[in-house]
1. As a check on your grasp of the helix formula, calculate [θ] at 222 nm for the protein assembly as shown: sum -39500 (n - 2.57) over DSSP H runs of n ≥ 4, divide by the residue count, round to the nearest 500.
2. Report the relative contact order of segment C:216-344, percent, no decimals, based on alpha-carbon pairs under 8 angstrom and at least 6 residues apart.
3. In terms of modelled amide H atoms, which long-range or inter-chain residues lie less than 5 Å from the amide H of B:Leu171?
4. Would you mind putting A:97-109, B:134-146 in packing order, based on average other-beta-carbon counts within 10 Å, highest first?
5. So for chain B, taking the charge dipole from beta-carbon charges (+1 Lys/Arg, -1 Asp/Glu), which of B:Leu213, B:Pro304, B:Trp277 sits furthest toward the positive end?
6. What does the C-alpha gyration tensor say about the overall shape of segment A:156-200? Classify as rounded when a/c is under 1.5, otherwise prolate if a/b is larger than b/c, or oblate.
7. Can you give the mean number of other chain Cβ atoms that lie within 10 Å of the Cβ atoms in peptide B:287-296?
8. Of A:His119, C:Leu188, A:Thr252, which is farthest on the positive side of the dipole of the protein assembly as shown, counting Cα position, with +1 on Lys and Arg Cβ, -1 on Asp and Glu Cβ, and the Cα centre as origin?
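Please treat every number below as a calculation from the coordinates, not as lab data. What you see is a predicted model, and the numbers here were worked out from it, not measured in a lab. Because the Cβ atoms are built from the backbone with ideal geometry, glycine has one as well, and the counts that use them run over all protein chains shown.
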Amino acid sequence: MGTNGKPHLAVYKLSSCAGCQLQILNLEDVLLDIAGAVEIAYFPMASRRMDPGPYDIGFVEGAVTEPAEIEKVKTARQQCRVLVALGSCAAFGGLPSMKNRFPQHEVERRVYQRPDWIHSVAARPVSEYVKVDAILRGCPIDTSEFLELVKAVLIGIRPRLASHSLCLECRLQENGCLFDRTGCMGPVTAAGCGALCPGLGRACEGCRGPAEGANLAGFARLLEAKGYSRRDVIDRFQKYAGAEPSMAVAATALAWEEAHA
Amino acid sequence: MEKLMTPRPAVIERIRPETADTLVYTLRFAEPEVQQGYTFQPGQFNEISIFGVGEAPISISSDPNNRETFEHTVRVVGNVTRALARLREGSHVGVRGPYGKGWPMERLRGHNILLIAGGIGLAPLRPVIQDVLRHADLYGSLEILYGARSPAELLYVDEYDVWDAHPQIRLRLSVDRMDGTAAAAATAGGGAAGAGASNGMTGVGVAGPASALAGPQVMAERVKRATVALERYGGQVGPVTVLFDQMVTSPRGAVVITCGPEIMMKYVALGLVERGWSPEQIFVSLERRMECGVAQCGHCQIGPLYVCKDGPVFCYKDIRYLPEAVF
Amino acid sequence: MGSATRVATAVHVADQAGWEGLIRALQRTHAVWGPVQEGERVILKEITEPAALRVDVPPTLLPTKKVYRAPRETLFQFSRKQARAAPDSGQREAAAKPLALVGIHPCDLKAIQLLDRVFTGFFVDDRYSARRAQTFIIVSNCTTPFRSCFCTSFDSGPFARNGFDLAVTRLGDRYLLQAGSPAGQTFLAVLDFPAASSSDLAELVTAEAGARQQITRRIDTDGLTRLLNMNVDHPVWDEVADRCLCCGACTAVCPTCYCFSVRDRLNLDLETGERQMDWTSCLIMEFSQVALGHNPRHHRVARVKQRLYHKFSYFNDQYGEFGCVGCGRCVETCVADLDPVEILARLR
């Protein structure tokens, strides 16, 4: 706790686009209310003020993709009583984890003119290196889920965030189903975004990672039956959460099956 | 019309630490007319509300003859119970109930009772024990076989002498293991982490640890008393079924009431059937996820039964072949 | 509320203008809800313009249960400090106009009757019964059934038998109206539509027979509960579980699925908030999980069976009827093309 008795909050950034941090800043309507309940002690993107730790609650944005970031998450873990992976990069590896299927040196060579300057590792979720108390899914995160989590931490309970399939949420909003036309990832993707994309007529791309207990094998068979190629299916599985264990297993199994067909 | 799911305020009169992760709450409805109109049957439960956190179904563990207050024995396992553990005497909670079908009290009258409990499962059976103590003439003998994981986890240690001293009551104890007592004492004061769901935070947040739980010293003292009790009441090491060989109650004209982990009740039931008891004589109390308590939210269904309405107490004969029961 | 027994009354005929006049008349006293076509979607919603109400469209995406218990509904407001529910919670409701459901299909009407058993049978849910009691129902008989329909299996269509205030059957440009309750009779009398001719009546009979004939999909309910109970371990369940994504879409759109979860939502002041009910689904993992993490339906096959056994076996034990009305919504909505008609036929 800070001297004024308010819990101290920290936001760290690893390899990411800063879009999830921006979502926090986008909460300006309620940011003052949050600021009334917590002390934003360390949030480099928002403020020059950087109070030293320890902090009561820390949010880590981004995937871990270089050795220095491994040290950074370890420090964050030491500094924070509650540590939250903010967004799908931190939670599952996110978009950066798409590179994991290629050899590291090849990725570096493709992207950088001077690969010898780069020391990167496979993109991994924060939980690969330190214990994480909660994850906030999404690319970017959903602001109301962020608030749910902050409120839960402040009153000392486990947050109840949706982990079931997006379809349930989407049907309850009476959206027309996009699956047949688009191969929407909703059936195996975790809800909690308010079915934002399908509500706007756009297929779900799976940015929130797999729903709890998702039938990925069944979904892959279904996509292939609808005419999607094995490569398409693997790409979809690996886009946002390829490093998430159940997705990784499913994608690996599909690739193995293809290679040994 | 009475609002079906709106709880009434109740005052926490007293909080007593029971084990490292379990507390006993004495409650009284804040509105006298509500308290006056409140009665329950042993084995029934209330829905306890901590506003802002949620609601949890918790069995009533006190003497049904006491109309002034009622008690809940609460193990810290989830959000609501953890929040409860942070409250102090004098705090208010929301309560609605009682719900469910309790132990078959009519059937118990005039019969010998074999009561078999495991861990926190003794809580919903305690009202039966207390009714026997108060109305001994209505019942035959009561044999209590009670097992816990370790001495530190035995509930109601301070009541055993009163129970066993009663001429109709016999108590026998078991623990899965004698060790682990130091570890259990060390986790006192907020150690109970609760289950980690996929999004779950396993630790407590910034609101601080559960304050009402017993500290290490209190626990060490309790473990000592529990160890003495174990010696006094034939303490065996092993699952509660190790006590079957010392059992004195014979199946003839007796009724079994059992509550504990489902896997324990399964082996209790199987063991008793093997020893000549009939499934029709055995009553079990099931645990399922209950949210509304009034057979509407659907969560607690098992086959055609709503555990909240048709149970939680069931006759073993009626549920042993249900597809989703562990029996 | 439609009385349980049908009142034998004359059939009246309205043209399009008369029908819209009827809706307008109803709007004076009621909030009129009915099916509306929005692009490709058919939505049950409150009608402002009578012409927007459609009686010839496929089942609405969400069924009528949403008017009695919204997908998210506030039970009461609370204050943490006072540790109690606000005494005035739910009083806003009393001021609202009573509800009229117009153009709902017979299967959905049957579903409401089944939900009555759930929400007023063992325990009476105050808010459900208050909303239900004041609802005026105009059921729309189906003369051209839709591709997934199998209502005849459960005697819940294509024409309604009871439980309505008025029944409407659209034949070309005519709306044939018949009262099913004293309230409906009174309402119809005021409107003073001409009586149907004998050829109208003959056409009505032909329309019902024709509609029945068109419904070829069928669940054989003879001994169905017993059949299910004898086939708990039938291989078909594993096959279904391999295909089912447990996304819960079928339960969301099912007119008789009633399961909900309760949760508290705090305001940012961390002091006040609301206790809310959300529709949920027995197909999702968290549904049966208990506090310590144990889940009796951890495996997908157990969840898949729970849904179907509840509809076709347990509901019968609980409420004396099957829990399915054959509306076909689950079939239409399932991305994996699972269909109870096919699944149950496999057991035979």
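1. Values: 36 runs with 302 residues, N = 936.
Per the formula, -9000 deg cm²/dmol.
2. Relative contact order, segment C:216-344: 31 percent.
3. Long-range HN contacts for B:Leu171: B:Ile144.
4. Working: A:97-109: 16.4, B:134-146: 18.3.
Most protected by this proxy first, the peptides run B:134-146, A:97-109.
5. B:Pro304
6. It is prolate, given that a/c is not under 1.5 and a/b is the larger ratio.
7. 6
8. Checked the options; the winner is A:His119.
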